[in-house]
Amino acid sequence: MQNPVTVEVTRGDYVESRHRGMAVVVDGAGKTVFSVGDVAAPVFPRSACKAMQALPLVESGAADAFGLTQRELALACSSHSGEEDHVATAAGMLAKAGRDLGALECGAHWSGHEKILIRQARTLDAPTALHNNCSGKHCGFICTCVHAGKNHAGYVHYDHPLQAEIRAVMEGLTEAKLGPDLCGTDGCSIPTYALPLQALAHGFAKMATGMSLSTTRAKASKRLMEACMAEPFFVAGTDRACTKAMQIAPGKIFAKTGAEGVFVAALPEQGLAMAVKCEDGATRAAECMIFSLLARFFEPESEASARLSALANRTMKNWNGVPVGVTRATEAFVRGAGAPLN
């Protein structure tokens, strides 16, 4: 099955670039209310599934034992930009567990956000693992291991007990069987698993609604999502799509990006979750799709719908600030299959 063109980029009146993709919206019971493309095809969720990976941190009691705040729980689910507050919060999580920078196994990199990168280059000789966009997640992993009395050395490896626990959590949420044949290595060195896009969305719908989950997992899921929605800056950062989405409708939208054109979001009050994948891995297309999808589930005349639509379909300007084209969701994507348009 060939996925449809879901996003177009124009220059003047001409379509200069096209992105193909797939998208799905499901409820807690797994019912599809919107779909485009081959949503049964497996994709690597990459960082989009970090809230799932953070569940053992809460379920084990580690979050309470170390007195982790909402800000720290949000960072455990984040792909942050390496801003000063992100780095300080990650360091604080390690300190609460009695560990330091040396415990992290995620590697170091400069910020992927241009303005933050320039600031870092002016103030740092080199970034540390605390600046890694995944450092919050890894700090959560270390807290979980320390609380459980497990040796955290090698916690990034497939056969480490923590990764086995995370794998089981993801299988339970997505109802997809995960194993070595579906496993790759993520940028921060932990295992990442290919699973159907629809299963990914269903897993987040379960987290958003608590449906088909144990009481413990439902409470942990709600706690993590609420922490992210309460502290959106610590899920991403300045001028980032995840943060913008959650700030538009505080407490109503959970959003999390992943590498290579993946994005997930949930609307807890509506009992829905969604996942998108841009086939060529373009972030701009994934953001356009997720903002467009979110907009359709708010009242047509509402401020939230208008702001989300504006982010989905945005004017591009050149270096002189002159409008030169637009990035927009296609009719094929907007039409989709399922829920009516606003």
message: Could you tell me which residue out of 127, 156, 300 lies farthest along the dipole of the chain toward its positive end? Charges go on the beta carbon: Lys and Arg +1, Asp and Glu -1, centred on the Cα centre.
response: 300
- request: Could you pull out every residue, at least 5 positions away or on a different chain, whose amide H is within less than 5 Å of the one on residue 6? Hs are placed 1.01 Å off N in the peptide plane, and Pro or chain starts have none.
  value: 19, 20, 21
- prompt: Got a number for carbon plus sulfur as a percent of the chain's accessible area, 1.4 Å probe?
  reply: 50 percent
- prompt: With θ set to phi - 60° and the Karplus curve 6.51 cos²θ - 1.76 cosθ + 1.60, what are the ³J(HN,Hα) couplings of the range 74-84 in order, to the nearest whole Hz, using x for Gly and Pro?
  reply: 4, 5, 5, 9, 9, 10, 7, 8, x, 6, 3
- request: In whole Hz, with x marking every Gly and Pro, tabulate ³J(HN,Hα) for the range 216-232 from phi via Karplus 6.51 cos²θ - 1.76 cosθ + 1.60, θ = phi - 60°.
  value: 5, 6, 4, 5, 5, 4, 4, 4, 5, 5, 5, 5, 5, 5, 7, 10, x
statement: Across 301, 269, 72, the residue with the highest GNM fluctuation in the chain (Cα network, 10 Å cutoff) is 301
Set of lysines with alpha-carbon distance to residue 177 below 19 Å, sequence-local pairs under 8 removed: 50, 206
- prompt: Based on DSSP H runs of at least 4 residues, each adding -39500 (n - 2.57), what is the mean residue ellipticity at 222 nm of the chain after dividing by all its residues, to the nearest 500 deg cm²/dmol?
  reply: -11500 deg cm²/dmol
statement: Taking the chain and a Cβ-Cβ threshold of 4.7 Å, the cysteines left without a partner are 49, 77, 139, 143, 145, 183, 228, 242, 278, 288
message: For the full complex of protein chains and a 1.4 angstrom probe, list 193, 158, 14 by accessible area with the highest value first.
response: 14, 158, 193
message: For the ranges 135-145, 168-178, 95-105, what's the packing order if you count other beta-carbon atoms within 10 Å of each residue, average per peptide, and put the highest first?
response: 135-145, 168-178, 95-105
message: Rounded, prolate or oblate, given the Cα gyration tensor of the range 204-342, with a/c below 1.5 counting as rounded?
response: prolate
statement: Dividing the mean separation of Cα pairs under 8 Å (6+ apart) by the residue count of the chain yields a relative contact order in percent of 25 percent
- request: Provide the per residue accessible area, probe 1.4 Å, for the range 200-301, rounded to a whole number of square angstrom.
  value: 33 Å²
task: Straight distance only, please: which aspartates and glutamates reach the Cα of residue 317 with their own Cα at less than 15 Å, same-chain residues fewer than 8 apart left out?
output: 13, 16
query: aspartates and glutamates near residue 96 by alpha-carbon distance under 16 Å, same-chain residues fewer than 8 away left out - which ones?
result: 64, 72
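The values are calculated or read from the model by the stated rules, or taken from the named source; none is laboratory data. Everything numeric in this text was worked out from a predicted model, so none of it was measured. Neighbour counts run over all protein chains shown; Cβ positions are idealised from the backbone, glycine included. Surface areas here come from the heavy atoms of the whole protein model, side chains and all, with no ligands, DNA or RNA. Shrake-Rupley method; radii C 1.70, N 1.55, O 1.52, S 1.80 Å.
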